[in-house]
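Worksheet: one structure, shown below.
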Amino acid sequence: MAARPLSEAPEFAFGPASDANPHEYLKAMREQAPIARTPMGIVLALRHRHLELVTSDATRQLETETKVMQGITSGPIWEMTRTGMLFANGETHARRRAPVAKTFAFKLMDAMRPAAAALAAELIEPRIGAGPIDFVNEIAAQIPARIIADILGIPRSDLPVFMGWIADTAESLGFIDLKRREQIEKSLVEFNDYVEKLLNDRRAAPREDFLSEYVRATASEDALSEAEVRTQILGLILAGSDTTRGSLCLILAHLLRHPQQWRAFCADPQGLKKAVVAEGLRYDPIVSGVPPRVALRDIELDGYLIPAGTPIAVSLISALRDPEVYADPDRFDIARTDHPRWHPIFGGGAHRCLGEALAKAEMEETLAVIARLAPNTQLIGDVPKCSAGPIRQVGEMRVAFA
């Protein structure tokens, strides 16, 4: 039977319906067809089984195409896209990734667990019994930002400065709201200036920290331009702060909305912390999808023909609730045993997230500390709402530690 043309696939409509409850919207889409078309011409793959193909060498990472589609061909958003490892392929991607890959190796990042647990206890203990707090900014934002600052050798006193740029920078990664372009570009200019000063400081006065090692490595290899050197550090600060913050909020919120599972976790936080994070990341992923890639050849995907040159992405919100992989996928269940070995939330192939081990360490240790020190913690209100986008931004979330 001949493959069906893309024109026969349903169209994904961005708007109130998809924003209000993306899980239900994508479930309905998935039940119609295995793929959908977006108004921008990107094919959205909806099944878990599509992840391996879409992140394979049958495709390549989109580079600057998404920005060109929006009429952005110069300025700070363009430069970040053009010089970052996230939007690069082949030798260029490997060259940009290599200087940071060794530092973010699993064993080194796993060794950060005691620091993450100590920091979580430092922040949580004085707030126990103090009434409702702003969990997003007082806890979830502080832990990953302080740890990435320590790893990179950034003064903690500078945290309030660059934390204000992180959310704006995250918006620059995907299709942006063009009404927000001016503010995003202002933040990016300030962020770049800050990182440039950090790098120049280490060049003038090297220390025993990651940034000094990075400066030495990039200088001796002479393989990266100054813009590339700067963008990789900016990307690390962003990746080491934004997604972990949002994930911590959603995982804790869903745990507290399932009291029986929360009590089970409190009874054995060390034994269950990995399962809790794995399920939380599956059930309500902060990263909405694998970034768009380009088909390098004609691909047949579940009976649909995707011509070479077509942009294709995978919806993680859909794939992580695929009933072909997960039993009763709409149920939050920290005891589930059907997680794949490699969690899809961290991507796949050559672009799999460098910060996976660090993010897991921060989330697992923080949640275990809350369960141990404040087992009577309450969520004030409902699970926080998330904005749409490649990295979903968490709204207000208040908790009372007890």
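A compact table of results
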{"item": "Flag if Asp158 is acidic (Asp, Glu), in contact with a helix residue (DSSP H, G or I) (Cβ under 6 Å, 6 or more places away or on another chain) and surrounded by fewer than 17 Cβ atoms within 10 Å (Cβ to Cβ)", "result": "no"}
{"item": "Given (1) among the charged types (D, E, K, R); (2) assigned to a loop (DSSP other than H, G, I, E, B); (3) out of contact with any helix residue (DSSP H, G or I) (no Cβ under 9 Å at 6 or more places or on another chain), index of the condition Asp333 fails", "result": "(3)"}
{"item": "Near pairs, Cβ below 6 angstrom, 6+ apart or cross-chain, from the stretch 349-366 (in contact (Cβ under 8 Å) with a residue 24 or more places away in the chain) to any residue that is surrounded by fewer than 20 Cβ atoms within 10 Å (Cβ to Cβ) and not in a helix (DSSP H, G or I)", "result": "Ala361/Met112"}
{"item": "Some residue of the stretch 312-319 being in contact (Cβ under 8 Å) with a residue 24 or more places away in the chain and out of contact with any helix residue (DSSP H, G or I) (no Cβ under 7 Å at 6 or more places or on another chain)", "result": "yes"}
{"item": "Residue match in the stretch 257-276 (condition: in contact with a Gly (Cβ under 8 Å, 6 or more places away or on another chain) and either among the basic types (Lys, Arg) or over 15 Å from Ala170 (Cβ atoms) (or both))", "result": "no"}
{"item": "Subset of the stretch 1-48 [surrounded by fewer than 16 Cβ atoms within 10 Å (Cβ to Cβ), among the charged types (D, E, K, R) and either within 23 Å of Arg352 (Cα to Cα) or over 21 Å from the mean Cα position of the chain (by Cα) (or both)]", "result": "Arg4, Glu8, Glu11, Glu24, Glu31"}
{"item": "Residues that are farther than 25 Å from Ala350 by Cα and among the polar types (S, T, N, Q), drawn from the stretch 30-76", "result": "Gln32, Thr38, Gln70, Thr73, Ser74"}
{"item": "Yes/no for Arg96 being closer than 30 Å to Ile312 by Cα, at pLDDT 90 or above and buried (at least 17 other Cβ atoms within 10 Å of the Cβ)", "result": "yes"}
{"item": "Out of Leu252, Leu238, Leu301, Leu296, sole residue that is within 28 Å of Arg30 (Cα to Cα), crowded, with 22+ Cβ neighbours inside 10 Å and not charged (D, E, K, R)", "result": "Leu252"}
{"item": "Any chance Glu91 is among the charged types (D, E, K, R), at pLDDT 95 or above and farther than 29 Å from Lys197 by Cβ", "result": "no"}
{"item": "Qualifying residue in the stretch 309-321 (condition: part of a loop (DSSP other than H, G, I, E, B), of a type in the set (S, T, N, Q), over 20 Å from the mean Cα position of the chain (by Cα) and over 20 Å from Gln142 (Cβ atoms))", "result": "yes"}
{"item": "Leading residue by the ranking (surrounded by the most Cβ atoms within 10 Å (Cβ to Cβ)) among those in the stretch 54-77 that are polar (S, T, N, Q) and touching a Leu at 6+ places or on another chain (Cβ under 8 Å)", "result": "Thr59"}
{"item": "Residues of the stretch 374-398 classified as buried (at least 17 other Cβ atoms within 10 Å of the Cβ), among the aliphatic types (A, V, I, L, M) and not in a loop (DSSP other than H, G, I, E, B), total", "result": "3"}
{"item": "Tally of residues being surrounded by fewer than 20 Cβ atoms within 10 Å (Cβ to Cβ), of a type in the set (A, V, I, L, M, F, W, C) and either over 16 Å from the mean Cα position of the chain (by Cα) or closer than 15 Å to Gly280 by Cα (or both) across the stretch 351-373", "result": "1"}
{"item": "The lone exception for Gly174 - which of (1) within 23 Å of Pro114 (Cβ to Cβ); (2) touching a Gly at 6+ places or on another chain (Cβ under 7 Å) it fails", "result": "(1)"}
{"item": "Check on Lys273, of a type in the set (D, E, K, R), modelled with pLDDT of 90 or more, assigned to a helix (DSSP H, G or I) and crowded, with 21+ Cβ neighbours inside 10 Å", "result": "yes"}
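Here is a yes/no grid of residues against (1) within 24 Å of Leu281 (Cα to Cα); (2) at pLDDT 90 or above; (3) surrounded by 13 or more Cβ atoms within 10 Å (Cβ to Cβ); (4) touching a strand residue (DSSP E or B) at 6+ places or on another chain (Cβ under 7 Å):
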position: Phe175; (1), (2), (3), (4): yes, no, yes, no
position: Glu196; (1), (2), (3), (4): no, yes, yes, no
position: Glu221; (1), (2), (3), (4): no, no, no, no
position: Val229; (1), (2), (3), (4): no, yes, yes, no
position: Leu248; (1), (2), (3), (4): yes, yes, yes, no
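The values are calculated or read from the model by the stated rules, or taken from the named source; none is laboratory data. What you see is a predicted model, and the numbers here were worked out from it, not measured in a lab. Cβ: placed from backbone, ideal geometry, glycine included. Neighbour counts: every protein chain shown.
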